[in-house]
Number of protein chains: 2
Amino acid sequence: MLESFYRQGIRTPRTEMIEKIASRLKVYGHIEGKNVFYWFQNHKARQRQKQKEHNMANISNYLHKAHQPVFAAPRRNVVHEEQV
Amino acid sequence: MLESFYRQGIRTPRTEMIEKIASRLKVYGHIEGKNVFYWFQNHKARQRQKQKEHNMANISNYLHKAHQPVFAAPRRNVVHEEQV
DNA sequence: CTTGTATGAATGAACG
DNA sequence: CGTTCATTCATACAAG
């Protein structure tokens, strides 16, 4: 249920929403508002973390295997070539 | 130690007090004034949050379960309506 | 049993 | 000040 809310775009629900969700979850056990709050906090953070690691992996992969320079700006009038 | 200060009523200490506390805490590690400052700021904020959730829980409880024929809710300091 | 991992909780730091 | 973010701690559980 929490994940469905998350998928619907809810990231950092307001206290009101939190309490509403918590009250619906209470049928399954002792759920408090702060539990819901922590869930969203953690889920968002870990989603970001995952995304970050994913990007890092891609970049790393790219730097090691790839062929084209990453930030290759069109060169013009290069007079003296330097080693980088 | 910080909590004892807090319990004694210190909420937003002045720079002078902050530095005094920080200097006493330095024996335990690299404590700076801003660390003490953040501590009081966070502690106060989270104390309020807790209180807020407590109130919300009561309200929620009231709205959902306690359908006693009460006509007036003689509550004061109900932090229920916020921005819309 | 130990090792790895998922997750709730907590807290320092910082933003708007 | 209220809220959000990043990081860490602690624990439960799974894999080996």
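The values are calculated or read from the model by the stated rules, or taken from the named source; none is laboratory data. This structure is a prediction, so every number in the text was calculated from the model and none was measured. Please note: Cβ atoms are built from the backbone with ideal geometry, for glycine as well, and neighbour counts cover all protein chains shown. Note: accessible area is taken over every heavy atom of the protein model, side chains too, but ligands, DNA and RNA are not part of it. Shrake-Rupley method; radii C 1.70, N 1.55, O 1.52, S 1.80 Å.
If we hang a label 7 Å off Cα along the beta carbon direction at residue B:27, how far is it from the matching labels on the other copies, in nm, shortest first?
5.7
Placing the label point 7 Å from Cα along the Cα-to-Cβ direction, what are the distances from residue A:14 to the equivalent spots in the other copies, shortest first, in nm to one decimal?
Shortest to longest, the spacings are 3.8 nm.
Identify the chymotrypsin sites (Phe, Trp or Tyr not before Pro) of the range A:4-61 meeting these criteria: DSSP loop state and at most 13 other C-beta atoms within 10 Å of the C-beta.
In loop regions of the range A:4-61 (DSSP not H, G, I, E or B), there are no sparsely surrounded chymotrypsin sites (Phe, Trp or Tyr not before Pro).
Of A:20/A:44; A:34/B:20; A:20/A:50; A:34/B:34, which ones are farther than 31 Å apart at the Cα?
Checking Cα-Cα distances, A:34/B:20 exceed 31 Å.
To the nearest 100 Å², how much accessible surface do chains B and A cover up together, summed over both, with a 1.4 Å probe?
Heavy-atom accessible area buried at this interface is about 600 Å².
Any idea what the residue B:46 label distances to the other copies are, label 7 Å down the Cα→Cβ vector, nm, shortest first?
When each copy's label point is compared with this one, the spacings are 2.0 nm.
Quick one: if the Förster radius is 22 Å, what FRET efficiency do residue A:48 and residue A:8 give, using the C-beta to C-beta distance and rounding to 0.05?
Efficiency, rounded to the nearest 0.05: 0.75.
Keeping all protein chains in position, work out how much accessible area residue B:2 exposes to a 1.4 Å probe, and write it in Å² to the nearest 10.
Per-residue accessible area (residue B:2): approximately 30 Å².
Roughly how compact is the range A:1-68, stated as its Cα Rg over 2.2 N^0.38 Å to two decimals?
1.59
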